[in-house]
């Protein structure tokens, strides 16, 4: 029996219908689709090298413990027979656009989280299908029929639950959480499944006797707030399956960027060809964007792991990859560490996107800082 303080199930009229779609091992699946010789084999999307990280791993590679964001050398040790494929983000983006076009046949309320996953609000859908479950089934079938890729989907009354559901029957699965099932479904899940509960927070919660979401449900909201502050209230709401955050379909990209970690540390003067290659990637990725960037960003990381960013907002933005590279290279003058300084990473980015490209730029700004820049899309 549920504690008396737990919320009651919302009425049917008030329930939203949210679908979370997650492409299965997306980058690796695209590689296996495009090269039949890779099918059924352990594929790791990453450059080989001591400083490379895994962008994606096929399910055949995952059986050996290989995971995304793992060091490539670790992946190679776990799965010596793995086939390493350098990432091709231009191709992955093109496939992602095709997937998104399928989503938009059913609803305009699509919130992409990355190239391979998105939330969809199908409370009202354009395809006239009677249930959210049927919408999710149709989307998965269309993705397979048209793109020959598999996708997993979760259907639930809110984003928090839909994302958990999409992971429940991966790969190539569909799972539905009905409103009346929410509390019982969540009760047995480990507390680490709640967004915002990382390893440190999980340890702190465990010390307080909270190991499952059901343990949170058993506590009074005031008690949680007293122990964990404002986050205690949010923790209680999620434990009860309450998440009112809307699907936001018009999120604006804050930056487009690419970076490369070098096999060996090199001086600044030797990064010129790398900067030019990264500029080409960023320029390609920015094409077709309805918004125009106003700022060029250069990122460098020293051999001592100090990250430097330099940015420039010119009066006139680059009109080609070569011009973008030239602006990024001009920022070398703002690096005052001497010719003997060695670097382990470089990155190029575009940021400060404006809604109306035709508006004139009123000023030129040059900014220097020593900090982490926005996350880069490419990691070698």
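Here is a yes/no grid of residues against (1) surrounded by fewer than 19 Cβ atoms within 10 Å (Cβ to Cβ); (2) touching a strand residue (DSSP E or B) at 6+ places or on another chain (Cβ under 7 Å); (3) not in a loop (DSSP other than H, G, I, E, B):
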| residue | (1), (2), (3) |
| --- | --- |
| 200 | yes, no, yes |
| 203 | yes, no, yes |
| 206 | yes, no, yes |
| 232 | yes, no, yes |
| 235 | no, no, yes |
| 244 | yes, no, no |
| 247 | no, yes, no |
| 264 | yes, no, yes |
| 277 | yes, no, yes |
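Considering only region 199-212, I want to know if a residue exists there that is more than 28 Å from the chain's Cα centre (by Cα), touching a residue at least 24 places away in the same chain (Cβ under 8 Å) and not assigned by TED's automatic domain parsing to the domain that holds residue 161.
no
For residues in region 151-166 being out of contact with any helix residue (DSSP H, G or I) (no Cβ under 8 Å at 6 or more places or on another chain) and in a helix (DSSP H, G or I), which is surrounded by the most Cβ atoms within 10 Å (Cβ to Cβ)? Even if it seems obvious, please write down each step before you answer.
Within region 151-166, the first condition is being out of contact with any helix residue (DSSP H, G or I) (no Cβ under 8 Å at 6 or more places or on another chain), and the residues that meet it are 158-159, 162-163, 165-166.
If we keep only those that are in a helix (DSSP H, G or I) too, we end up with 159, 162-163, 165-166.
Details: 159: 24, 162: 29, 163: 20, 165: 24, 166: 25.
Selected residue: 162.
Residue 135 is checked against (1) over 23 Å from the mean Cα position of the chain (by Cα); (2) at pLDDT below 95 and fails just one. What number does that condition carry?
Against the list (1) over 23 Å from the mean Cα position of the chain (by Cα); (2) at pLDDT below 95, residue 135 comes up short only on (2).
How do the pairs read when you match residues in region 165-185 that are under 21 Å from residue 61 (Cα atoms) with residues anywhere that are assigned to a loop (DSSP other than H, G, I, E, B), using Cβ under 8 Å and keeping only pairs 6 or more apart or on different chains?
170/24; 171/24; 171/25; 171/150; 172/24; 172/150
Looking at region 115-127, is at least one residue at pLDDT below 95, farther than 26 Å from residue 240 by Cβ, surrounded by 13 or more Cβ atoms within 10 Å (Cβ to Cβ) and in contact with a strand residue (DSSP E or B) (Cβ under 9 Å, 6 or more places away or on another chain)?
Checked region 115-127: at least one residue is at pLDDT below 95, farther than 26 Å from residue 240 by Cβ, surrounded by 13 or more Cβ atoms within 10 Å (Cβ to Cβ) and in contact with a strand residue (DSSP E or B) (Cβ under 9 Å, 6 or more places away or on another chain).
Would a scan of region 167-180 turn up a residue that is surrounded by 15 or more Cβ atoms within 10 Å (Cβ to Cβ), part of a helix (DSSP H, G or I) and over 19 Å from the mean Cα position of the chain (by Cα)?
yes
Just to be sure before I move on: is residue 193 surrounded by fewer than 19 Cβ atoms within 10 Å (Cβ to Cβ), touching a strand residue (DSSP E or B) at 6+ places or on another chain (Cβ under 7 Å) and under 24 Å from residue 113 (Cα atoms) in the structure I sent?
Working: surrounded by fewer than 19 Cβ atoms within 10 Å (Cβ to Cβ): yes; touching a strand residue (DSSP E or B) at 6+ places or on another chain (Cβ under 7 Å): no; under 24 Å from residue 113 (Cα atoms): yes.
Judged against the criteria, residue 193 is not a match.
From (1) assigned by TED's automatic domain parsing to the domain that holds residue 117; (2) buried (at least 19 other Cβ atoms within 10 Å of the Cβ); (3) not in a loop (DSSP other than H, G, I, E, B), pick out the condition that doesn't hold for residue 134.
It fails just one condition, (2).
So, of the residues in region 34-68 that are assigned to a helix (DSSP H, G or I) and touching a strand residue (DSSP E or B) at 6+ places or on another chain (Cβ under 8 Å), which turns out to be farthest from residue 172 (Cα to Cα)?
By that ranking, first place goes to 38.
The values are calculated or read from the model by the stated rules, or taken from the named source; none is laboratory data. Predicted model only: the values in this text are computed from it and were never measured. Neighbour counts are summed over all protein chains in view; Cβ atoms, including those assigned to glycine, are modelled from backbone coordinates with ideal geometry.
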